[in-house]
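One structure is given here, and the rest of the page talks about it.
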Amino acid sequence: MYLLRFDMLLSFVITNVSCFLSESKVYHMNCLPVFVGVAPARNCPHHRRSVMASLVQGVYVLERDRQCNRQGPDARAPAWWSFFHFELRQVLIDAADGSIFGAVYAFQPPLHLLDPTAAASAPHYVVAFRGTIAKKGSAKRDLELDLQLVRNGLEGKSRFRAAMQAIHDTLATAAGQHDRVWLAGHSLGSAIATLGAKTLVRAGAPALPTFLFNAPFVSAPVERIGDRRLRQGIRIANSFVTAGVAAVLKRGGGGGAVHDAAFAAMAAWVPNLFVNPADPISAEYVGYFDHRRKMEAIGAGGVGRLATRNSVKDLLLGIGKGGSGCEPLHLFPSAVLTVNRGPSPDFKTAHGIHQWWRPDLSLSLECTAHYYT
């Protein structure tokens, strides 16, 4: 695992919890995660998660600063990265509407805070992407891209091209140290980070450490169904239908089905995936990975593996188009899945980026690693 450690952490507190708003609203500076005291945070995944979520939040606030014309000392975004000793190296702008959708950060800690052991695994750069902001100045473009995401069509859009160029430029600056360039995103931003990471792996480049918060799973949210046996029955039936459609298309030469070799080649990329079962946008990842094991248990592993790398929607959309052999954006061969089982009374709480730096979050997390074989 890739580790980020700063030589501070005794207790993790968050002030002014009442200002936690939805992702479409700005978080005030006094909502920052605050570390008090000095103690080593050795190999701390909770700290990595909190820092990466905060850097993504920095992109949200950058765009809100732009929309509200907050500049200089009035700008609220810098606190979200400077607190963790990052510097803003580049702002990523969507040419279609002029909105800020991403940022490139460089880690520049004071020497007295950087432990040599931690330095060996800390990132040099982080490329972060925000999700949808439902405010004038960005909402129209963001919602257009949300629709393209459902249609698996982000790759041809100017926002993704700008994101990919920033990733390539950052890798060049890192002089080939791919493990020192990390990607992070929330919601729509997770999809952009996912597409960027997958594009690199398909091109034969090393996999980048990636942190995906509330990544969209483009499917009916079966995980939200209360009855466990009903959920399992629906997933088993869906697997057989998906596998059947994929097999028919493969025999008929109609294209669209994902080749096992192409999917297996992506397995070297193991993103850190953070989801909430109460979030209808990301919840289905919980069942997606668990269902593989259940299909093996009932002796239908082959069907399960075929269904794992295909979706009926994308199979049907690929009929007659020759098929690219690439899996739909939201399907992953491998991942380290972290599930927030804590109380989430509404969509704002379940889907919001702010849940991932809560001080008590470690008490309600389940973390499992899944590898494609």
Checklist entry - Among the listed residues Ala139, Ala174, Ala166, which satisfies the condition of being closer than 26 Å to Gly58 by Cα, aliphatic (A, V, I, L, M) and buried (at least 17 other Cβ atoms within 10 Å of the Cβ)? => result Ala166
Item to check | Qualifying residues in the stretch 347-371 (those that are at pLDDT below 90 and of a type outside the set (Lys, Arg)) - the one farthest from Ala53 (Cα to Cα) | outcome: Tyr371
Checklist outcome for this item: The condition from (1) without any contact (Cβ under 8 Å) to a residue 60 or more places away in the chain; (2) buried (at least 17 other Cβ atoms within 10 Å of the Cβ); (3) of a type outside the set (Ser, Thr, Tyr) that Ala184 misses is numbered (1)
Checklist entry - Exactly one of (1) within 14 Å of Thr194 (Cα to Cα); (2) surrounded by fewer than 18 Cβ atoms within 10 Å (Cβ to Cβ) is unmet by Leu149. Its number? => result (2)
Next on the checklist: Could you check the stretch 246-275 and list, in sequence order, the residues that are modelled with pLDDT under 75, assigned to a helix (DSSP H, G or I) and closer than 28 Å to Leu188 by Cβ?
Outcome noted: Ala246, Ala262
Checklist entry - Can you pull out the residues in the stretch 59-85 that are modelled with pLDDT of 95 or more and either within 23 Å of Ala172 (Cβ to Cβ) or touching a Pro at 6+ places or on another chain (Cβ under 7 Å) (or both)? => result Val59, Trp81
Next on the checklist: Among the residues of the stretch 111-129, are any exposed (fewer than 14 other Cβ atoms within 10 Å of the Cβ) and under 20 Å from the mean Cα position of the chain (by Cα)?
Outcome noted: no
Checklist entry - Is it fair to say Lys313 is more than 25 Å from Gly153 (Cα to Cα) and either modelled with pLDDT under 80 or among the β-branched types (Val, Ile, Thr) (or both)? => result no
Checklist entry - Is the stretch 195-211 home to any residue that is under 15 Å from the mean Cα position of the chain (by Cα), within 16 Å of Pro328 (Cα to Cα) and either small (Gly, Ala, Ser) or buried (at least 24 other Cβ atoms within 10 Å of the Cβ) (or both)? => result yes
Next on the checklist: Among the numbered criteria (1) out of contact with any strand residue (DSSP E or B) (no Cβ under 8 Å at 6 or more places or on another chain); (2) surrounded by fewer than 20 Cβ atoms within 10 Å (Cβ to Cβ); (3) more than 23 Å from Lys198 (Cα to Cα); (4) modelled with pLDDT of 70 or more, which one does Ala278 miss?
Outcome noted: (2)
Item to check | Filter result for Asp97 (part of a helix (DSSP H, G or I) and at pLDDT 85 or above) | outcome: no
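The values are calculated or read from the model by the stated rules, or taken from the named source; none is laboratory data. Remember, it's a predicted structure, so these values are computed and weren't measured experimentally. All Cβ positions, even for glycine, are placed from backbone atoms using ideal geometry, and neighbour counts span all protein chains on display.
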